[in-house]
1. In what sequence, highest mean first, do 365-375, 47-57 appear when ranked by Cβ atoms within 10 angstrom?
2. Could you please state, rounded to a whole Å, how far the C-alpha centre of segment 251-317 is from the C-alpha centre of segment 140-171?
3. Name all residues of segment 228-261 having a backbone nitrogen under 14 Å from the label point set 7 Å from the Cα of ASP368 along its Cα→Cβ direction, giving them as ranges.
4. Could you give the length gained on full extension between SER300 and THR102, defined as 0.36 nm per residue of separation minus the Cα-Cα distance, in nm?
5. Could I have the simple spin-label model distance between ASN122 and ASN81, label points 7 Å from Cα toward Cβ, reported in nm to one decimal?
6. Starting from a Cα-only point model with no solvent, please compute log10 I(q)/I(0) by Debye for segment 365-405 at q = 0.15, 0.18, 0.35 1/Å.
7. Order of 106-119, 279-292 by packing, highest average Cβ count within 10 Å first?
8. Counting only other residues whose beta carbon sits under 12 Å from that of LEU370, what net charge do I get with K and R as +1, D and E as -1?
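Bear in mind these aren't lab numbers, they're just calculated from the coordinates by the rules spelled out. Note that the structure is predicted; figures quoted are calculated from it, not measured. Every residue, glycine among them, receives a Cβ derived from its backbone with ideal geometry; neighbour counts consider all protein chains shown.
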Amino acid sequence: MKKGLKTTISLLCATALTLALLILPSSASEDLFFLSINDTIAVQTSQTTPIQHGGWIYVPVSVFNSNVTGVNFGIYYGFTNNNETLVFYNLSGKTMTFNLQTGTAAVLSGEAPVPGKVVRQNGVYYVPAYAICQYFGLKYSFYSTEYGPFLRIKDGNAMLSDALFLNSAASIMRSRVNGYHQNQVPNGGGNQGGGTTIPIPSVPGSPGNSDSVESPADPNVPVPPEIPDNTPPAPTFSLYLGVQASPKRNITPTLNALNSVGAAGVVFFPAGAVEECADQIRQAAGRGHKVGLIPEGDTSAQRLESVQNGSRRLASILRQETWFVLGSDQALSDAGYLCWSPSLTFSEVRDATRTYNSLVKAGAHKNDALRLLVHSQSSSGLLAGVLGQLKEDGDIFLVLRETRY
């Protein structure tokens, strides 16, 4: 009898603890609500900021859109049945269907999700975060921080533990909170008027695709180069990929393009802007890329000092320093840094065919591996199309290592 009573009490305590983690305290609703996708803190916009509804945490549907977040969880969604249902699914056969008319949800197998209601505010559709994470195998964690509520959604690609991530992200959250209170700008979590409507992409092969909402031309859809039918097979070659990042340019589209062909490269950040690029750095590392630095200064001594300082700052973000630097400098080489000099550089890919032809020509005349450097692109479509064609040609994207670069 005592054993059964203890078991019952343990189960009740576990249930209470679970509910405490899932249901957001009402006092937090006036704060900024932070969302982390793997190792990146999302900006506070209507497409990424969670809200509280009925005591539960909801996130915009676009949180599961890799074109928005830069992270592909392998979950897809779309409207069906004349926009009466919202369907989430993956390629493993799991499907979760939300009925927008009845406010209920169902899955192919298992218990119905709780809560099962989709919330629409200012044109933005919000879905219950925990229900989706639990069903599709994502990790969900919620914390009440001094800067506001903090939700983290992650898969197996997240590098940092929650404790390390929260510690390294504190300065970013503090800065955003200060700016929020100074400007008195609503947090984009659905309480402001005129919120941006999220375009729901029509996913090929999705359930009820014929009834999906049509979306405008997407600049992130791969655009392959034009190759005449009578063109002989292109010569094959190997190449390394590098990305020159900037605090003023979003790195997500470029990483999406690399991800579309399963390629990993090295992403270079200005040595003097490491803290400013902290979110981008976490995203690059979290998606499997190496992180390098761009030296700054007029002399070799200044460039070496900038890299050494930047590497130490990088260690506070990733818990590791880097030995990759962009460019060629004897002083850096003598200090043990791996200088990466590109064979070809593209600032912005504007013509897929011209870019592809330039790469094929360069690869055909180079005895060793080609080193391609691209700057952060404004969209991923053209670069993804070029890389996709190279992969189809049989070209090999080499993995960058400290012993082979």
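1. 47-57, 365-375
2. 21 Å
3. 238-240
4. Extending this stretch completely gives an extra 64.5 nm.
5. If labels sit at ASN122 and ASN81, their model points lie 3.0 nm apart.
6. Log10 I(q)/I(0), no solvent term: -0.49, -0.69, -1.18.
7. 279-292, 106-119
8. Computed value for this residue: +1.
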